[in-house]
Amino acid sequence: MLNKPECKVEFNEVGQVLGVTSEGETARCKKVVCDPSYLPNKVRKVGRVARAIAIMSHPIPNTNESHSVQVILPQKQLGRMSDMYLFCGSYSHNVAPKGKFIAFVSTEAETDHPETELKAGIDLLGPVDEIFFDIYDRYEPVNEPTLDNCFISTSYDATTHFESTVLDVLNMYTMITGKVLDLSVDLSAASAAEE
């Protein structure tokens with residue numbers, strides 16, 4: 001049911017998932033893995049994120065012309081209750097057309113004015129070709145996956161390094177499979193295979 005409009009999660013009489021319906025077609029399943037938007041009655045609001053996305057024709061100033069930058073502005077330095085995150089990628093990472101850079105500036109929203117809240121991070125970008133601002137709600141699941149077989153991720157937080165997102169995915173993997181995902185690599189086995 002990927003890339004389908006208006007998906008509806010279907011449940012049996014005891015509240016366990018049995019499928020997902022879109023465009024009159026139901027795909028039967030034993031488990032559903034989704035983000036909070038698919039099951040709003042099984043999540044709770046835990047915060048809001050203020051985010052700006054900027055399109056630029058240059059790297060961020062004072063970064064040694066770097067095509068990839070990650071900056072964390074500490075909350076105390078900013079006089080805020082949460083840190084601010086800045087990330088920039090470029091055409092060299094295939095995230096923008098040749099000669100263009102994409103920057104994200106985000107933080108936990110403390111007001112309804114993202115332009116004001118994100119100013120400290122935006123000021124580091126230098127001139128921007130175009131900028132877009134948004135505030136969105138963050139949610140976390142409150143359901144019991146062992147009862148309903150619904151595995152719901154948390155919403156993206158303000159961080160731009162994706163550590164919390166990766167930890168959420170690893171936790172979901174363990175809940176779904178009952179196993180801890182082992183991402184270690186045995187380099188001796190790999191080099192033996194080359195011989």
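Exceedance of the 23 Å cut-off in Cα-Cα distance is limited, within the set K98/K119; K8/K179; K8/K42; K31/K179; K8/K45; K4/K98, to K98/K119; K8/K179; K4/K98. With the convex hull constructed from alpha-carbon coordinates only, segment 131-184 shows a mean projected area of 5.2 nm² over all directions. Largest GNM mean-square fluctuation across C88, C150, C29, computed for the chain with C-alpha springs under 10 Å, falls on C29. Across segment 38-111, the convex hull enclosing all Cα atoms gives 127 Å³ per residue. Taken per residue, the accessible surface of the chain reaches 63 Å², heavy atoms only and a 1.4 Å probe.
Couplings 3J(HN,Hα) for segment 64-77, derived from phi with the Karplus relation 6.51 cos²θ - 1.76 cosθ + 1.60 (θ = phi - 60°), are 6, 6, 5, 8, 9, 9, 10, 10, 10, 9, x, 4, 5, 5 Hz, where x marks Gly and Pro.
Extent along the principal axes, Cα only, for the chain: 59, 58, 36 Å, with the longest axis given first.
Counting only Cβ charges, +1 for Lys and Arg and -1 for Asp and Glu, the dipole size of segment 124-195 around its Cα centre is about 200 debye.
Under 15 Å from the Cβ of T21, count the other residues' Cβ atoms, weight Lys and Arg +1, Asp and Glu -1, and hand me the total. My count for the surroundings of T21 gives -1. Which trypsin sites (Lys or Arg not before Pro) from segment 51-101 combine a DSSP loop assignment with at most 16 other Cβ atoms within 10 Å? Those satisfying the criteria are R80, K98, K100.
The accessible surface of segment 37-195, taken with every protein chain in place and a 1.4 Å probe, is 56 percent carbon and sulfur. For segment 34-48, the Karplus equation 6.51 cos²θ - 1.76 cosθ + 1.60, evaluated at θ = phi - 60°, returns couplings of 7, 8, x, 5, 7, 9, x, 7, 10, 9, 10, 6, 10, x, 9 Hz by residue, with Gly and Pro reported as x. Counting only heavy atoms of the protein chains and using a 1.4 Å probe, L183 has close to 130 Å² of accessible surface.
The 3J(HN,Hα) values that the Karplus relation (6.51, -1.76, 1.60; θ = phi - 60°) gives for segment 12-24 are, in residue order, 7, 5, 9, x, 9, 5, 10, x, 10, 10, 8, 6, x Hz. Gly and Pro appear as x. Of the residues N171, V20, I122, the one whose Cα sits farthest toward the positive end of the charge dipole of the chain, with +1 on the Cβ of Lys and Arg and -1 on the Cβ of Asp and Glu, is V20.
Taking the helices alone, the chain has a mean residue ellipticity at 222 nm of -5000 deg cm²/dmol, built from -39,500 (n - 2.57) per DSSP H run of at least 4 residues and averaged over all its residues.
The values are calculated or read from the model by the stated rules, or taken from the named source; none is laboratory data. Owing to the predicted nature of the structure, the values given are computational and were not obtained by experimental measurement. In this analysis, Cβ positions are derived from the backbone assuming ideal geometry, glycine residues included, and neighbour counts consider all displayed protein chains. For the accessible areas, the whole protein counts, side chains as well, though only heavy atoms, and no ligand, DNA or RNA atoms are used. Shrake-Rupley method; radii C 1.70, N 1.55, O 1.52, S 1.80 Å.
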